[in-house]
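Trainee: Could you have a look at this structure, given as structure tokens, before my questions?
Please treat every number below as a calculation from the coordinates, not as lab data. It should be emphasised that the depicted structure is a prediction, and the values quoted were computed from it without experimental measurement. Note: ideal-geometry Cβ built from the backbone for every residue, glycine included; neighbour counts use all protein chains shown.
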Amino acid sequence: MKRHQIEERFFKALMIASMVVVLGSLALILGTIVWRGLSALNLAMLTQTPKGGYYLGKEGGILNAIVGSLYLAGGATALALVASLPIAVYLNSYAGRSRYAELARLALDVLWGVPSIVYGAFGFIIMLWLGIRASLLGGIIALALLELPIMARGMDEAIAMVPLALKEASYALGATRLETALKVVLRQTGPALVTATLLAFGRGIGDTASVLFTAGFTDRLPDSLFDPAASLPLAIFFQLNTPFPAVQERAYASALVLMLIVLGLGLISRQRSGRLAKHLIR
Amino acid sequence: MKPQIHVQDLNVWYGQQQALKNITFDIPARGITAIIGPSGCGKTTLLRCLNRLIEETEEVRVTGQVFVDGADIYNRSTDVTEVRTRVGLLAPKPFPLPMSIYDNVAYGPRIHGRRKGEHIDQLVERHLRAADLWDEVNGRLRAPASRLSTGQQQRLCLARALAVEPEVLLCDEPTSALDPISAQRIEAQLQALKEERTIVVVTHLLRQARRLADDLVFLWLGELVEYGPAAKMFSAPKDERTRAYLAGDIG
């Protein structure tokens, strides 16, 4: 065999190996969660809040954490979306490749890399300063800060891919930058914007450290933005930390619920963005 | 006759490189004016100056004046969207907007404030007919424009440009991405439209210029060599470079 053929095969084998590692890890994680948690998963777990002694193995469920997580991540994603979309549109349609825009992108990249416990601690300090205690609102704000760079940069990259000729087609009809951004660019990037939003939501709903101090934890459902709120990652943590195997199984079941929420949302949005995609210009 | 467009001392730089040098000429009202010349001579740059789309290019500098109906479009008080409403463009490669066939044609009229449904319906039909596309898309106006063939897409882009009712239509190598039959249909529509509109076509195809042009503008390496009625330039060019280019000796 010639040298370049050996090279070709070697790198092909490496690629296949890396794919096996990635897919294998995913299968292993899913398998473990399903295997350890499925037996503990039942309707009561999804529909009840923890009763007294739940963490000792008595009855109850994790409705508090499911609802809390949906509120937290939903609110944070909505908040991050409100900020990210204008940032991404502005960076592309107005700021272009100016130094200011590059600085803004650098800042977002740095923020992306900031560990979530830092957002949690930062949020906590601000809450202390303002005299707010751990609450749904505090958690939403801290999570929104965590999600913002992920969403904004994802949208920025998507919008940057829009061909200049498409924007020019709109400009040539006498459209302003704003009209072009809202009516052409956002339509063209619709599916990618949904993906960026979902990526941020997934990161938000799975994050533990940023909600630890800011949202707190409670066995009750939050009645208002100023009540503390439970979350699935923390519920998993607390249940896994008990010495009782039955409660630990519930932790895996909770993890399964978390995975199913993220997965289900992914599937729904994929189907939705397929409907958006039919108008896309390639 | 008063010219529709008058270009005066137009210079364009991309960064340090000068793309157009002291261009001065007139484009008469109605009829087809073809801008010809070899690749890289500044044809497209010149065309994009006529509706200020050139300003979308990065690091570009433009000096000089372009008068459309006597008003300088580079004047500071001029609204660029108003310029582009009066001077439309048909690009080389069709880029439909990411929406339905109907919405593509209605896009321009809608952003310019014409919103009445019935009125828009008539407008869409009229301009799809003017672009010779109506019979092929009637009945599926709500289908995505991206599903049309390239030739149909280019005619849709023509209809879309016409729907804004520009006085001048700029065409940048409008048939370069098309098969010969689609190209012929575009040419036929331009011939029909020239009765009521001023059309400026950039082309590197001499045969196309021969078929379409009432007037010619010849560019060579960023300079304007010669312009005037097409028949005159084809039969008796004044400049040696024009003669050589039209004869196929250079470029």
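Trainee: Given the protein assembly as shown, what whole percent of its Cα pairs are spread farther than 31 Å?
Mentor: Details: 85394 of 141778 pairs.
Beyond 31 Å sits 60 percent of the P(r) for the protein assembly as shown.
Trainee: Any chance you could check the Cα centroid distance between segment B:124-146 and segment A:122-177 for me, in angstrom?
Mentor: 39 Å
Trainee: Give, rounded to the nearest 20 debye, the magnitude of the charge dipole that segment B:3-247 has about its Cα centre when Lys and Arg contribute +1 at Cβ and Asp and Glu contribute -1 at Cβ.
Mentor: The calculated dipole for segment B:3-247 is roughly 420 debye.
Trainee: Among the helices of chain A (complete DSSP H runs), which have Cα atoms covering no less than 24 Å along the helix axis and a Kyte-Doolittle mean of at least -1.0?
Mentor: A:3-37, A:63-89, A:136-160, A:186-205, A:245-277
Trainee: Right, another one. Just checking the output field for A:172-185: average partner chain Cβ neighbours within 10 Å of each residue's Cβ? Don't jump to the answer; show the numbers that get you there.
Mentor: Working: counts 20, 17, 16, 10, 4, 2, 0, 4, 2, 0, 0, 7, 5, 1.
Averaged over the peptide's residues, the number is 6.
Trainee: While we're on this one: If you build a Gaussian network model of chain B, linking Cα atoms that sit under 10 Å apart, which residue out of B:Glu196, B:Glu59, B:Glu167 swings the most?
Mentor: Comparing B:Glu196, B:Glu59, B:Glu167 in a Gaussian network model of chain B, the most mobile one is B:Glu59.
Trainee: For segment B:2-123, what D do you get in µm² per second when you plug the Kirkwood radius from alpha-carbon pairs into Stokes-Einstein at 20 °C and 1.002 mPa s?
Mentor: For these conditions, the coefficient is 131 µm²/s.
Trainee: Packing-wise, with mean Cβ within 10 Å as the measure, how do A:103-110, A:63-70 rank, highest first?
Mentor: Top of the packing list down: A:63-70, A:103-110.
Trainee: If you don't mind, another one. Kindly provide log₁₀ I(q)/I(0) values, in the same order as q = 0.13, 0.17, 0.22 Å⁻¹, from the Debye equation applied to equal alpha-carbon scatterers of segment B:88-189.
Mentor: Each listed q maps to, in turn, -0.39, -0.68, -1.16.
Trainee: With the cut-off at 12 Å, report for segment B:163-202 the share of all Cα pairs above it, as a whole percent.
Mentor: 60 percent
Trainee: On average, how many beta carbons from a partner chain sit within 10 Å of the beta carbon of a residue in B:104-112?
Mentor: Counting other chains' Cβ atoms within 10 Å and averaging over B:104-112 gives 3.
Trainee: Quick one: if you take sqrt(5λ) for each eigenvalue of the C-alpha gyration tensor of segment A:1-110, what semi-axes come out, biggest first, whole angstrom?
Mentor: Listed largest to smallest, the semi-axes of segment A:1-110 are 42, 34, 9 Å.
Trainee: What whole-number value in cubic angstrom gives the convex hull volume per residue for the C-alpha atoms of segment A:147-223?
Mentor: 122 Å³
Trainee: Could I get the Rg over Rh figure for segment B:19-83? Both from C-alpha atoms, Rh via Kirkwood, rounded to two places.
Mentor: In segment B:19-83, Rg relative to Rh is 0.94.
Trainee: What is the calculated FRET efficiency for A:Ala101 to A:Lys278, with r their C-beta to C-beta distance and R₀ = 35 Å, to the nearest 0.05?
Mentor: Here the calculated transfer efficiency is 0.65.
Trainee: Using only C-alpha positions, report the orientation-averaged shadow area of the convex hull of chain A, nm², one decimal.
Mentor: Mean orientational projected area (chain A, Cα hull): 21.1 nm².
Trainee: Can you give the average number of partner chain beta-carbon atoms within 10 Å of each beta-carbon in peptide B:164-174, as a whole number?
Mentor: 1
Trainee: What lysines does B:Lys43 reach when the alpha-carbon gap must be under 30 Å and sequence neighbours fewer than 8 apart in one chain are set aside?
Mentor: A:Lys167, B:Lys2, B:Lys21, B:Lys93, B:Lys194, B:Lys232, B:Lys238
Trainee: Starting with the highest mean, order B:74-82, A:4-12 by the number of other Cβ atoms within 10 Å, averaged over the residues of each peptide. All intermediate terms of the calculation are to be shown ahead of the outcome.
Mentor: Numbers: B:74-82: 12.3, A:4-12: 10.0.
The densest-packed peptide leads the list: B:74-82, A:4-12.
Trainee: For B:Arg114 and A:Arg270, FRET efficiency with R0 = 51 Å and r from the beta-carbon atoms, rounded to 0.05? Don't skip to the end; give the middle numbers.
Mentor: Working: r = 37 Å, r/R0 = 0.73.
Efficiency, from the Cβ-Cβ distance: 0.85.
Trainee: So, one more: Taking every pair of distinct Cα atoms and averaging 1/r, then inverting, what Kirkwood hydrodynamic radius in Å comes out for segment A:160-199?
Mentor: 10.6 Å
Trainee: Further question: Counting pairs of alpha carbon atoms under 8 Å apart in space and at least six apart in sequence, what relative contact order in percent does segment A:82-240 give? Let's see the in-between values first.
Mentor: Values: 183 pairs, mean separation 53.1, N = 159.
Result for segment A:82-240 is 33 percent.
Trainee: May I ask you to evaluate 6.51 cos²θ - 1.76 cosθ + 1.60, the Karplus curve with θ = phi - 60°, for each residue of segment B:185-199 and list the ³J(HN,Hα) values in order in whole Hz, giving x for glycine and proline?
Mentor: Per-residue couplings from phi come out as 5, 4, 4, 4, 5, 5, 4, 6, 6, 5, 5, 10, 10, 8, 10 Hz.
Trainee: How many angstrom separate the Cα center of segment A:70-96 from the Cα center of segment A:220-279?
Mentor: 23 Å
Trainee: Let me ask another. Where does each of B:Ser182, B:Ser149 land when they are ranked from fewest to most other beta-carbon atoms within 10 angstrom?
Mentor: Lowest count first: B:Ser149, B:Ser182.
Trainee: How big is the convex hull of the Cα atoms of chain B, per residue, in Å³? Kindly include the intermediate steps, with their values, before the conclusion.
Mentor: Details: hull volume 32.0 nm³, N = 251.
Roughly 127 Å³ of hull volume per residue.
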